[in-house]
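Read-outs throughout are calculated quantities, based only on the coordinates presented, and are distinct from any laboratory measurement. Keep in mind that what you see is a predicted model, and the values were worked out from it rather than measured. For neighbour counting, all protein chains shown are included, and Cβ atoms are generated from backbone atoms with ideal geometry for every residue, glycine included.
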């Protein structure tokens, strides 16, 4: 089995990007590609080849669900776990997001110490994993 090393983070809030970078790169030991939005992610995805994508739901321009759809159009991204990040954690909202084809949901605010392990669970177990 391939070693889990590369995570692409797509988030429009620069403060959250800094926290994600620290959590995943420094604490988790991952190679991380930080993207301020869906367009930037689509430009970087082929070169970076993420093994998992952490994707904000509410972003200006291209939303998280729109970005997910565009990523799924890329053949190499069809089976890559994509995990939404959202502040909306009501059960019906989570279920609505999973309908878009996300592997799972990370609720904001998240614990930066636990985030690397949560993403390892999603990567290792695929869709339906709950953290």
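Neighbour counting of Cβ atoms within 10 Å sorts the residues 56, 96, 21, fewest neighbours leading, into 96, 21, 56. Just checking the listed ones, 85, 62, 77: in the Gaussian network model of the chain with Cα springs under 10 Å, the one fluctuating most is 62. Per-residue ellipticity at 222 nm, computed for the chain from helices alone with -39500 (n - 2.57) per DSSP H run of at least four residues, works out to -10500 deg cm²/dmol. Between residue 70 and residue 25, the modelled labels are 2.3 nm apart [label points 7 Å from Cα along Cα→Cβ].
Contact order, relative form, for region 39-131: 25 percent (alpha carbon pairs under 8 Å, 6 or more residues apart, mean separation divided by residue count). Full extension of the chain between residue 107 and residue 49 gives 18.4 nm of extra length, using 0.36 nm per residue less the Cα-Cα distance. In whole Å, what is the distance between the alpha-carbon centres of region 75-94 and region 15-70? If you average the Cα positions of each part, the centres end up 12 Å apart.
If r is the Cβ-Cβ distance from residue 125 to residue 5 and R0 is 25 Å, what FRET efficiency results, to the nearest 0.05? Efficiency at R0 = 25 Å is approximately 0.90.
Each peptide in 106-118, 8-20 receives the mean, over its residues, of other Cβ atoms within 10 Å, and ordering these scores from highest gives 8-20, 106-118.
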